[in-house]
Every structure is written in C-alpha cells, then in structure tokens.
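The values are calculated or read from the model by the stated rules, or taken from the named source; none is laboratory data. Keep in mind that this is a model prediction, so the values were computed, not measured. Glycine gets a Cβ as well: all are built from the backbone with ideal geometry, and neighbour counts include every protein chain shown. When the accessible area is computed, the model is the full protein with side chains, heavy atoms only, and any ligands, DNA or RNA have been set aside. Shrake-Rupley method; radii C 1.70, N 1.55, O 1.52, S 1.80 Å.
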Amino acid sequence: MREDRVATPFSEEQAVALARQLYGLEGLARGLPGEYDDNFHLRTPEGPGFVLKVMHPAREQTFIDLQCQALQHLARRAPQLALPRVCLTRDGAPIASVRGADGGERLVWMLTYVPGTVFAEARPHSPELLLSLGRLLGQMDAALADFSHPAAHRELKWDLARVGWIRDRLHHISDPVRRSLVERFLALYEAEVMPTLSNLRRSVVYGDANDHNVLVGDPRAQPRQVVSVIDFGDLHHGLTVSEPAIAAAYAILGKSDPLPAAGLVVAGYHQVFPLEEAEIALLYPLIGARLAVSVTNSAYRKTLKPNDPYVTISEAPAWEAL
C-alpha cells in the first residue's frame with residue numbers, strides 16, 4: 001500500500017449515514033484512532049455497538065478479504081474467544097464500496113465492537129493477566145494453523161522475517177546513541193535469526209499484539225484477564241514464533257523487570273500452542289528486533305506526519321525497553 005497517499009477523511013456524520021445505508025443501523029459514531037484508515041465506534045441503543053471501518057483508498061480488497069475470512073475462520077474454530085465478528089451488509093456481503101468526498105473509491109466493512117480496557121491503560125499487569133495474553137494468542141494461532149489465504153503472503157514492514165528493511169531507515173534516528181542501540185539489535189537479529197529463517201515454522205499470525213490493540217476485561221472479574229484483540233491489519237503468513245515475541249515486546253513496556261513479564265506471555269502461549277526449542281532460542285533477538293522496527297518506523301513516519309500522535313504513541317517506552 002502507498003502509505004504516503006493522502007486521503008480525505010470521512011466524518012462522523014458520514015459514518016452514521018453509511019451505517020444506515022449499508023447496514024440499516026441507526027446510531028451515533030465516534031472516531032477511533034488509526035494510522036491510515038478511518039474507524040468509527042457506532043453506538044446503538046442495543047448492545048456495545050459496532051466498529052465501522054472506512055479503508056484508506058490504497059487498500060486492496062484482497063487485504064480486507066483476508067481479515068474477514070480469518071475472523072470468520074476463528075469464529076468457527078474458536079467460538080469461545082470474544083473476538084470481533086464480521087457483520088454483513090443488507091445485501092449479505094462482508095465488504096462494500098463507496099465514493100469518498102474526493103471521488104476516490106473506499107472499501108467499507110464492519111465488525112462487532114468488543115468492550116474492554118486497552119492493555120496500556122490496565123493496571124496492574126498481574127502474572128495471570130500476562131499469562132492470559134499469551135494463552136489468547138496461542139488459541140488464536142492454533143485455530144489459524146490450517147487457515148490460508150493468498151493475501152496473507154505479502155510484504156509487510158512488521159513481518160519479523162523481513163526486519164532488514166530498517167537498515168536503510170536508520171539515518172532517520174537523529175540521536176547517535178539511540179541509533180547505535182538499534183544497530184546492535186539489528187546485528188543480533190542478522191547473526192542469530194537470519195541464518196535459521198528457512199527452518200522455522202510459518203503460519204498465519206495476528207502479528208500486532210501491541211499494548212493498544214489488546215483488550216483487558218472488567219477489573220471486578222478476578223483474576224483480571226485479556227479478553228480480546230482488535231485491528232487485524234497486520235495479519236500475515238509469517239514466523240509462528242513472532243506472535244509471542246511481538247506480544248512480549250509490548251508487554252515489557254514500562255516494566256522495571258522485563259524478563260519475568262516476557263516469560264509469562266511466552267509461557268501462556270506455550271501452554272496452548274507449544275513452541276519448538278529452536279523458536280524459544282530466538283525469542284530474545286526477535287523481541288529486540290520488534291522494538292527496533294517500532295522505533296525506526298516511528299522515526300521514519302515522523303518525517304511524513306510530524307504532528308501525528310498515533311505514529312509515536314509507544315515510542316518513548318519502546319526506547320526504554322530497548
């Protein structure tokens with residue numbers, strides 16, 4: 001996708017009109033944060049509502065179809081998980097197409113809204129909470145083990161099998177001490193992970209369990225647990241072990257003692273979808289690689305959108321974690 005292509009954003013009023021036109025729903029819309037797409041929480045009188053997604057004009061339909069089919073597959077194979085469910089239009093289709101104010105075509109789809117508190121704002125991060133994060137992702141990946149889709153085989157900057165792209169972006173990190181830190185983790189990745197890539201398990205993974213995509217349940221329910229994840233835009237066919245590595249990378253943000261936190265996430269995952277010895281051996285360089293990609297991407301994106309808070313939302317804690 002052309003990330004630098006400018007799109008005229010949809011308003012909340014337009015979102016309400018789309019929900020009425022495409023889904024026959026009446027409600028109020030509130031904009032949600034997003035890096036490229038226009039997302040809205042559609043609140044209706046009954047239940048927690050829906051998430052209406054108006055995609056960036058450069059998004060391809062196969063990319064949306066991948067997410068829809070994966071979520072429908074998960075609903076069949078792991079119905080006990082409180083994941084978002086795909087909503088069909090009045091015509092029975094999972095995806096619709098509309099014209100934006102600038103005349104460009106925009107793909108639209110809708111999911112059920114899952115209530116919860118984002119992991120970044122839920123405190124404390126108890127051992128049981130961290131274990132439950134790993135377990136949820138393990139259950140998802142176990143259910144996706146036999147799922148395939150042509151669009152899952154794509155070039156993605158967050159794919160931990162493709163970390164090398166950041167080398168050409170390191171100059172965007174202005175602080176030489178920080179740049180050298182990223183270079184150190186990149187060198188570790190190149191030395192330990194790259195030679196083993198052809199031997200590692202691959203499958204379709206969610207790939208984005210960052211602390212703003214993970215939802216935590218009601219604090220009154222003890223022990224408090226992770227209940228769901230949102231934003232399936234980084235779904236891809238990649239390294240199976242990248243799933244717990246990515247989750248651990250974000251789970252250690254803000255932790256004074258990161259190793260136990262990472263270990264609990266991995267342990268929860270391993271309980272339901274066991275890792276191989278070779279995968280476990282690569283967790284440290286993969287966790288570091290994810291953080292290195294995150295801070296390098298933030299540095300690069302700031303050159304494109306210098307005032308966008310979404311771009312740098314996890315930047316400070318990621319540097320600290322590195």
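Taking the criterion of being among the charged types (D, E, K, R) and under 25 Å from N210 (Cα atoms), would at least one residue in the range 19-30 satisfy it? Within the range 19-30 (the criterion being among the charged types (D, E, K, R) and under 25 Å from N210 (Cα atoms)), the answer is yes, since at least one residue qualifies.
Does R43 satisfy being within 23 Å of N213 (Cα to Cα) and open to solvent by 30 Å² or more (accessible area, probe 1.4 Å)? Spelling it out, R43 is indeed within 23 Å of N213 (Cα to Cα) and open to solvent by 30 Å² or more (accessible area, probe 1.4 Å). When the range 75-134 is filtered for residues that are open to solvent by less than 20 Å² (accessible area, probe 1.4 Å) and of a type in the set (F, W, Y), the ones remaining, listed by number, are W109, F119.
Going through the range 271-322 one residue at a time, which ones are at pLDDT 95 or above, assigned to a loop (DSSP other than H, G, I, E, B) and within 17 Å of the chain's Cα centre (by Cα)? Result: no residue meets the conditions.
The set of residues in the range 24-33 that are open to solvent by less than 30 Å² (accessible area, probe 1.4 Å) and within 26 Å of the chain's Cα centre (by Cα) contains only A29. Selection of first residues in the range 284-300 that are at negative phi and of second residues that are of a type in the set (D, E), restricted to Cβ pairs under 8 Å at least 6 apart or on distinct chains, gives the following pairs, ordered by first then second residue: P285/E192; S294/E315; V295/E315; S298/E315. Look at (1) closer than 19 Å to G288 by Cβ; (2) among the small types (G, A, S); (3) more than 22 Å from the chain's Cα centre (by Cα) and you find that G100 fails only one, number (1).
Looking for something touching a strand residue (DSSP E or B) at 6+ places or on another chain (Cβ under 6 Å), at pLDDT 95 or above and not acidic (D, E) - is there at least one such residue anywhere in the range 251-258? Checked against the condition, which is being touching a strand residue (DSSP E or B) at 6+ places or on another chain (Cβ under 6 Å), at pLDDT 95 or above and not acidic (D, E), the range 251-258 yields no hits at all. Filtered by the rule that a residue be farther than 12 Å from V272 by Cβ and open to solvent by 10 Å² or more (accessible area, probe 1.4 Å), the range 135-155 gives D146, F147, S148, H149, P150, A151, H153, R154, E155.
Within the range 92-115, the set of residues being of a type in the set (S, T, N, Q) and in contact with an Asp or Glu (Cβ under 9 Å, 6 or more places away or on another chain) comprises S97 only. Listed conditions (1) in contact (Cβ under 8 Å) with a residue 24 or more places away in the chain; (2) more than 17 Å from the chain's Cα centre (by Cα); (3) part of a helix (DSSP H, G or I) are all met by M140, apart from (2). Candidates V229, V193: the one that is of a type in the set (A, V, I, L, M), closer than 27 Å to D37 by Cβ and in contact (Cβ under 8 Å) with a residue 40 or more places away in the chain is V229.
Scanning the range 268-296 for residues that are buried (at least 20 other Cβ atoms within 10 Å of the Cβ) and not aliphatic (A, V, I, L, M) returns G268, Y269, F273, E279, P285, G288, R290, S294, T296.
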